[in-house]
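Note sheet for the following structure.
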Amino acid sequence: MLSLIRCFSSSDIFVHILTEILISTSSPLSIGHIDLLSEIAKDFPHDLHIHNLSFIKLFQLPQGGSITLASMLPIMVFAYSYGMKKGLLVGFIYGLLQSIQDPFIIHPAQFLLDYPVAFTMLGFSGAFASFKPLEKLPQVKFALGALISSVFRFASHVISGVFAFGAYAEAAGASNHLLYSLAYNSFVFIELAIVVVVGAILFSSKTFKTVIAR
């Protein structure tokens, strides 16, 4: 599973280290774990480059947001494999990293809604992982979880857009801020479609299902 996370690498090196810690323990993240995270990070060379899917942008929106090459997939697969609790934490950390890597921040509340809150929602991708009626259809379970998490993420972006990006809506000739935000943030569902297609291919692989079942 870790090789998969590294292969797709939807996050910074610190998320990889955090993943190692989360997988190695079932207990909540403690101060000791935070100290360990810092110590391990010091051992990585500064010129280490890890490929990041969020850098592969198919389309960039003008006021933040982009359509990427399934950059949400690793976090969603992680949440599906290791549970929502750990998935929510990794999503939260990833959101903070995104605010540093590719920021578009105009208000403190907008920052919270568009970054840590929105990406934390990806952890809900594991919601159907243990759903017995679909036990033989992991592709469907993953797709349902991805849909729920994307709807929550979409809602967070929309709320942010309504109160923080009204000026951009009016500049675009849209008097209804809610409709503008709904339309603008619909890119989330294009990303969802890409993730579901790639996820369906992965979950159709016997080797992949064996790896995540460990």
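The values are calculated or read from the model by the stated rules, or taken from the named source; none is laboratory data. Source: prediction; values computed, not measured. Please note: Cβ atoms are built from the backbone with ideal geometry, for glycine as well, and neighbour counts cover all protein chains shown.
Taking first residues from region 186-214 that are part of a helix (DSSP H, G or I) and partners that are surrounded by 11 or more Cβ atoms within 10 Å (Cβ to Cβ) and among the basic types (Lys, Arg), the Cβ contacts under 6 Å between residues at least 6 apart in sequence or on separate chains come to Val188/Arg153.
Check region 107-119 and report whether any residue there is in contact (Cβ under 8 Å) with a residue 60 or more places away in the chain, under 24 Å from Phe59 (Cβ atoms) and either among the hydroxyl-bearing types (Ser, Thr, Tyr) or assigned to a helix (DSSP H, G or I) (or both). No, every residue in region 107-119 fails to be in contact (Cβ under 8 Å) with a residue 60 or more places away in the chain, under 24 Å from Phe59 (Cβ atoms) and either among the hydroxyl-bearing types (Ser, Thr, Tyr) or assigned to a helix (DSSP H, G or I) (or both). Against the conditions (1) within 21 Å of the chain's Cα centre (by Cα); (2) aliphatic (A, V, I, L, M); (3) within 23 Å of Gly87 (Cα to Cα), Ala183 satisfies every one except (3). Just one of the listed residues (Ser160, Ser125) is among the polar types (S, T, N, Q), farther than 25 Å from Ser81 by Cβ and in a helix (DSSP H, G or I), and it is Ser160. So Lys141 passes all but one of these: (1) under 22 Å from Lys85 (Cβ atoms); (2) within 14 Å of the chain's Cα centre (by Cα). Which condition number does it fail? It is condition (2) that Lys141 fails. Residues in region 54-62: is at least one over 17 Å from Phe152 (Cα atoms) and under 12 Å from the mean Cα position of the chain (by Cα)? Yes, some residue in region 54-62 is over 17 Å from Phe152 (Cα atoms) and under 12 Å from the mean Cα position of the chain (by Cα). Please indicate, with yes or no, whether at least one residue in region 67-80 is at pLDDT 70 or above, among the polar types (S, T, N, Q) and assigned to a helix (DSSP H, G or I). No, the conditions are met nowhere in region 67-80.
Just for region 94-138: of the residues that are charged (D, E, K, R) and surrounded by fewer than 17 Cβ atoms within 10 Å (Cβ to Cβ), which one is nearest to Phe189 (Cα to Cα)? Within region 94-138, the match that is nearest to Phe189 (Cα to Cα) is Asp102. Scanning region 163-177 for residues that are exposed (fewer than 14 other Cβ atoms within 10 Å of the Cβ) and of a type outside the set (Gly, Ala, Ser), which turns out nearest to Ser81 (Cα to Cα)? Restricting to residues being exposed (fewer than 14 other Cβ atoms within 10 Å of the Cβ) and of a type outside the set (Gly, Ala, Ser), the top hit is Phe163. Beta carbons closer than 7 Å, at least 6 apart along the sequence or on distinct chains, pair a first residue in region 164-181 that is touching a residue at least 40 places away in the same chain (Cβ under 8 Å) with a second that is not in a helix (DSSP H, G or I) for Ala164/Ile106; Ala164/His107; Phe165/Gln63; Tyr168/Gln63.
Figure legend. Inter-residue proximity from region 62-88: first residues of a type in the set (Gly, Ala, Ser) and buried (at least 20 other Cβ atoms within 10 Å of the Cβ), second residues at pLDDT below 90 and part of a helix (DSSP H, G or I), beta-carbon distance below 6 Å, spacing 6+ or different chains. Indicated pairs: Ser71/Leu53; Ser71/Ser54; Ser81/Ile212.
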